[in-house]
Amino acid sequence: MEHIHSSDGSPSSSHQNPKSTAKWAASLENLLEDPEGVKRFREFLKKEFSEENVLFWLACEDFKKTQDKKQMQEKAKEIYMTFLSSKASSQVNVEGQSRLNEKILEEPHPLMFQKLQDQIFNLMKYDSYSRFLKSDLFLKHKRTEEEEEDPPDAQTAAKRASRIYNT
């Protein structure tokens, strides 16, 4: 278990403002709450040809916030056609998608996609998310953050110089 927070509440510079990569690495939930995190994760998933998973998840999140019945119907149909129908352009791989028949789209309710959304969340969490945290894309971003953190004193300037020459 990593100690991200100092329990005694002592102010240490790095704990004041947790880096976004540290938050992303803490949980997939944190990653998905951060627009920048979502952007990086999507870039990664595109390379893995599984971007539809996060797009489906985001569409479901948006769908749950929809109040208007007519809008809800349109969004439900869009989610179905884009991700769940057998002819879907960005079909997600969920169990029981065949059981979600088109009739349900006429009477949509906010949680109608919840089970499928949870499946995709778990798929991302145990599969692509762990690979994302090991990916160059993530690690590069993390390094950039760490370099920006460095206070501009002589020692770090020397470190920076050595970093430049060692690359």
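The values are calculated or read from the model by the stated rules, or taken from the named source; none is laboratory data. These numbers were taken from a predicted model, which means no experiment stands behind them. Note that each Cβ is placed from the backbone with ideal geometry, even for glycine, and that neighbours are counted across all protein chains shown. Note: areas computed on protein heavy atoms with side chains; ligands, DNA, RNA excluded. Shrake-Rupley method; radii C 1.70, N 1.55, O 1.52, S 1.80 Å.
Quick notes on this structure:
- Prolate/oblate/rounded call for the range 25-107, Cα gyration tensor, a/c under 1.5 rounded: oblate
- For the set 47/140; 65/125; 23/142; 23/64, the pairs lying more than 18 angstrom apart at their alpha carbons are 65/125; 23/64.
- Over all other residues within a Cβ to Cβ distance under 11 Å of residue 135, the charged ones net out to +3, with Lys and Arg as +1 and Asp and Glu as -1.
- Net length available on complete extension from residue 71 to residue 133 is 18.7 nm, with 0.36 nm assigned per residue and the Cα-Cα distance removed.
- Ranked order, 109, 141 - accessible area, probe 1.4 Å, largest first: 109, 141
- Distance from the range 19-50 to the range 124-143 (C-alpha centre basis), Å: 8 Å
- For residue 103, a cut-off of 20 angstrom between C-alpha atoms picks up these aspartates and glutamates, skipping any fewer than 8 places away in its own chain: 68, 74, 78, 95.
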